1. Enumerate the helices in the chain for which the Kyte-Doolittle hydropathy averages 0.0 or more and the C-alpha atoms extend at least 30 Å along the helix's axis, using complete DSSP H runs.
2. Using the count of nearby Cβ atoms within 10 Å as a rough guide to exposure, how do Ile275, Ile20, Ile139 rank from fewest to most?
3. Which entries of Lys242/Lys292; Lys122/Lys241; Lys181/Lys404; Lys208/Lys269; Lys269/Lys419; Lys160/Lys404 have Cα-Cα distances beyond 31 Å here?
4. From the residues Met446, Ala152, Gly345, which one has its Cα farthest along the dipole of the chain in the positive direction, the dipole being from +1 and -1 charges on Cβ of Lys/Arg and Asp/Glu about the Cα centre?
5. Show me 290-299, 205-214 ranked by packing, highest mean number of other Cβ atoms within 10 Å first.
6. Based on the Cβ-Cβ distance of Glu201 and Val429, what FRET efficiency does E = 1/(1 + (r/R0)^6) give at R0 = 60 Å, to the nearest 0.05?
7. On the Cα set of the chain, report Rg and Dmax in Å, please.
Amino acid sequence: MLLWLSLAALGALLVHDLFISDDNVLRNFPIVGHLRYLLIELGPELRQYIVAGNHEELPFNREERDWIYRSARGQNNYFGFGTDDQILGIGYPIIKHAVFPYGEVSFTASIHDKLLELPCAKVLGEVHGRAKAWRPPSIVNISAMSFGSLSAPAVEALNKGAKVAGCWHNTGEGGISPYHKMGADLIYQIGTGYFGCRDLEGRFSMEKLLETLAGAPCVRGIELKLSQGAKPGKGGVLPGKKVTPEIAAIRGVRVGVDCISPNSHSAFKDVRGLIDFIEIIAKETGLPVGIKSAVGQLGFWKDLASAMKQTGRGPDWITIDGGEGGTGAAPLTFADHVSLPFRVGFPRVYQLFLEEGMAEKVVWIGSAKMGFPDRAIVAFCLGCDLVNIAREAMLSIGCIQAQKCHSDRCPTGVTTHNKWLQRGLSPAVQSLRFARFCQSFRNELMAVTHACGYEHPCQFTADDVEISAGPGVFKTLRELHGYTPARSAGPF
């Protein structure tokens, strides 16, 4: 019986492919042609496990993923037999160690070492006198990823893990869900859709904002998203198949319909309007308020630095997202070609603030593939005070880089709302894995910091890293960008 059913199914498929299908391959090669599409579907996995070398895959190669997985699982995250990186390749960073490291006790950077805190050297909101100014207890934090883009178990795992690790959790622009309320400090991100603080027409509502904050006392700051590295200049996109009734209720949108945020804010239209909006929110809530943006045309940044100097008002922090960032679904051209990479965009913005004498008046946050100690150190050398991590956090809770985030078919349950696929992600287990990863990250970051003779990563300068400019040619970040960060003494 089963044989006859199988033959009937193949016969029906044959007829469909030959006479009904509009696909060239299937019409010419019925049945067999489906193997082509199966191989295309499985291509990322086949390359990942069989074809690609240790450093060939993007956005994260095998060694990078292995380091995250081992750290998250509490396993040995050392690598043996020396580096297989191309250390003379253009753009390769070399961190310059000190002959006499900091401290008398060896710091092994083992996952088992207990580094309880690695606080920010600055206080969010202190410069502008915010009523609820706050010093983040961790310089490594979870970047903006919305509930909707991520599944409920993934958000819950990250939030619980952030509580254990003592870092903050940025909500992303999709609003505050019940899964964000597991005990971690929150940064509530407001995007152009104003989810969680919008009226029935989709405009910003202070009343709704205060109502949302009243239900989430764990919020320690508010971030206005101007743009992000994955799709700068284009609003957020949540495909309709991922807009469940629960997500629709939280965001105030329709079930099953693509949720597309506008590409600009309706509450302000220029730099002065942005500053006024920031100050209104800060006054009403008492919270520090920052902005997040990718870097393209520099006119905005020059105007912002100048206006902040003239008025003494403005954002308490600035998150710079590099064009290599990418947790959100995005059109290919935006993902590949719009906005500058972090190591180009951040220095250009920071220099403009240096010229106005405003660089030290802002807390600087780096975002876009910052989940590795070497990249974080480069960011600190350029002027960052904090780093945010996104995809690395996803990897730590089970992501396998299947690149199905936009399809609702994520095989690990991280970015899907399919209940069957979600069941594979246990928040109780994965929260501890994220916490261990964050702990290991900070431990190794501090080990390198001490090896370079410093007590805290924010003591790095632009002379502490050299970048390969060709075989045998290395230049410091100061030589490449013409500055070293403005640093106060700090609480060291």
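1. On the way: long enough: 427-451 (35 Å, 0.06).
Passing helices, by number: 427-451.
2. Numbers: Ile275 18, Ile20 9, Ile139 25.
In increasing order of surrounding Cβ atoms, one gets Ile20, Ile275, Ile139.
3. Check vs 31 Å cut-off fails for Lys122/Lys241; Lys269/Lys419.
4. Ala152
5. Numbers: 290-299: 19.3, 205-214: 15.0.
Per-residue Cβ counts within 10 Å, averaged per peptide and sorted highest first, yield 290-299, 205-214.
6. On the way: r = 43 Å, r/R0 = 0.71.
For Glu201 and Val429, the calculated efficiency is 0.90.
7. Just the Cα atoms of the chain yield Rg and Dmax of 23.8, 83 Å.
Bear in mind that the values in this text are calculations on the coordinates, not laboratory data. Keep in mind the model is a prediction, meaning the values are calculated, not measured. As a convention, Cβ positions derive from the backbone with ideal geometry for all residues, glycine included, and neighbour counts pool all protein chains shown.
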